[in-house]
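Contents: one structure, followed by commentary.
The values are calculated or read from the model by the stated rules, or taken from the named source; none is laboratory data. Note that this is a predicted model, so its numbers are computed, not measured. Methodologically, a virtual Cβ is constructed for each residue, glycine included, from the backbone with ideal geometry; neighbour enumeration extends over all protein chains shown.
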Amino acid sequence: MLRFDPFNDVDALARGLMTGAVAGTARTPRFMPLDLYKVDDHYMLVADLPGADPGSIDVAVDNGVLTLSAQRSVPTDEGVQWLTSERFSGTYRRQLSLGEGIDVAGIAATYDNGVLSVTIPVAEKAKPRKITVEATGGPQAITGGPQDIPSEAY
């Protein structure tokens with residue numbers, strides 16, 4: 001199961017304000033929008049990373065935290081007279097806390113047409129299972145009397 005941290009974006013904004021970086025400038029990406037849903041026995045995380053350099057995309061898991069990061073190259077300013085500069089560049093980064101029922105070794109990611117897709121499988125031990133109840137031969141009568149008790153028991 002995945003845990004959601006509602007304060008993660010607030011923390012990122014506070015860090016940006018304290019370091020003097022203004023979130024959402026022409027050169028700093030605001031955020032990495034993503035969708036997260038469950039299908040059968042796995043979760044799907046789909047994140048928009050338009051224009052990200054494919055070699056810069058990194059998906060890592062450390063101590064139950066899934067970290068997604070990517071880089072969009074900064075265009076060179078040499079010999080350029082900008083008329084409009086609205087496209088973000090720089091580093092994108094998102095972190096999500098993973099629950100204990102995740103198969104961390106089975107996480108897989110693909111990047112296609114600016115979309116990062118991460119498959120997060122549910123661990124076998126966390127999957128629901130049905131337990132079969134076996135019936136014995138039916139009711140059994142308890143027989144015996146004082147003659148069946150060993151003499152050493154007295």
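Residues of the range 107-140 being among the hydrophobic types (A, V, I, L, M, F, W, C), part of a loop (DSSP other than H, G, I, E, B) and within 15 Å of V39 (Cα to Cα), which ones? I107, A123 - these are the residues of the range 107-140 that are among the hydrophobic types (A, V, I, L, M, F, W, C), part of a loop (DSSP other than H, G, I, E, B) and within 15 Å of V39 (Cα to Cα).
Run down A70, A47, A108, A123 and say which single residue is small (G, A, S), touching a strand residue (DSSP E or B) at 6+ places or on another chain (Cβ under 7 Å) and loosely packed, with under 12 Cβ neighbours inside 10 Å. Result of the check over A70, A47, A108, A123: A108.
Surrounded by 10 or more Cβ atoms within 10 Å (Cβ to Cβ), among the small types (G, A, S) and closer than 30 Å to P121 by Cβ: is that true of S85 in this structure? For S85, the condition - surrounded by 10 or more Cβ atoms within 10 Å (Cβ to Cβ), among the small types (G, A, S) and closer than 30 Å to P121 by Cβ - is not met. Of the conditions (1) modelled with pLDDT of 75 or more; (2) among the β-branched types (V, I, T); (3) farther than 15 Å from G114 by Cβ, V46 clears all except one; give me its number. That leaves (3) as the condition not met.
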